[in-house]
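The values are calculated or read from the model by the stated rules, or taken from the named source; none is laboratory data. Keep in mind that what you see is a predicted model, and the values were worked out from it rather than measured. Positions of Cβ are backbone-derived with ideal geometry, glycine not excepted, and every protein chain shown enters the neighbour counts. Calculation scope for accessible area: heavy atoms of the full protein, side chains included, ligands and nucleic acids excluded. Shrake-Rupley method; radii C 1.70, N 1.55, O 1.52, S 1.80 Å.
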Amino acid sequence: MYRVSFSRVTLFPALLAPRHLIFTALEGALLDPRTGSIAEAEEALSELDRRRIPLVLVTSRTRDEIEPLRRKLGHGHPFITESGGGIFFPDGYFNLKIPGAERSGRYLCVAMGRPYEEVCAALDDIAGESGVGVAGFHHMGSREVAENMGLRPRDAELARSREFDEPFFFTSANEQAIASFVAAAKERGFDVRPGQTFWHFSSGCDAARAVRLVTKLFRDATRIKLRAVGIGPAAEDLPWLRAVDHAVLLGGPGTDSEDPDAIQHGNDTPNKTPGPTGWNASILNIIS
């Protein structure tokens, strides 16, 4: 099994040399969209490790879902979960105080999103007020989640271990009722957005804001204006890709990497090759 060993950073002199800070999506970028393999990205991963360039994972997955991948990578850098719901920093990573960070297990966490319990309670309340039927992960067992998402039972358990964002679907509602539900949620400070399989309900989850905060922390800690690079398959990653200095839009199903309005500041590099092959080539090109 291939393993990249990212050195765990506890003292920032080790990070003084790099001029890049890499933010990456997982699905369709670092991970093969069909197999989940990182094999085609191993050359770039090794080079990032050799040069001690920080690699920050940005994902809609939960913390528990990405821990197996982080162990496989030997990843010791910060990561952003649940579409910007939380930012997690390995203990002792920065030699500075992280504003708003609280201990959460082995990490310091900056919670961008409201706590999961509050989110679930609000989902149920607003659904009742709007006269729609909803089924969220908190209504389902692991087996139901596995069946709905096409996951193995163990993976479904990890997907249900949520902290900020609640996936759900409507069990009974017409378009007018859904519109009423979305409007009521917005009025109470909650965001409702459709996904590929489920809708998502949250408050405060913002991947772009999380990326900007992490970038500022790195620059404050190193006192270097690190160049923030973001790489992803575009579609749902566009909001946070707009928050970096240089965005790489990977090709793939459902991706229009030639959209002239995709990245407003225009500092982007389309790469038609999807998945880890395109990721590998893009990263090597940028850091060389």
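Odds and ends about this structure:
- Solvent exposure of the chain amounts to 47 Å² per residue of accessible area, where only protein heavy atoms count and the probe is 1.4 Å.
- Carbon/sulfur fraction of accessible area - the chain, other protein chains in place, 1.4 Å, %: 48 percent
- Between the amide H of Val248 and those of Gly230, Ile231, Gly232, Thr269, distances stay under 5 Å, these residues lying 5 or more places away or on another chain, with hydrogens modeled in the peptide plane.
- Each principal axis of the Cα cloud of the range 62-196 was evaluated for its coordinate range; sorted largest first, these ranges are 51, 35, 21 Å.
- Point-to-point label distance, Lys225-Arg209, nm (Cα→Cβ direction, 7 Å offset): 2.6 nm
- Once the Cα-Cα distance is subtracted from the 0.36 nm per residue extended length, the Lys97 to Glu118 segment shows a gain of 4.8 nm.
- Within the chain, longest stretch clear of exposed trypsin sites (Lys or Arg not before Pro) (DSSP loop, no more than 15 other Cβ within 10 Å): 107-187
- Theoretical FRET efficiency, 1/(1+(r/R0)^6), r = Cβ-Cβ of Glu67 and Asp125, R0 22 Å, to 0.05: 0.10
- Stokes-Einstein, applied to the Kirkwood radius of the chain over Cα pairs at a viscosity of 1.002 mPa s and 20 °C, places its translational diffusion at 109 µm² s⁻¹.
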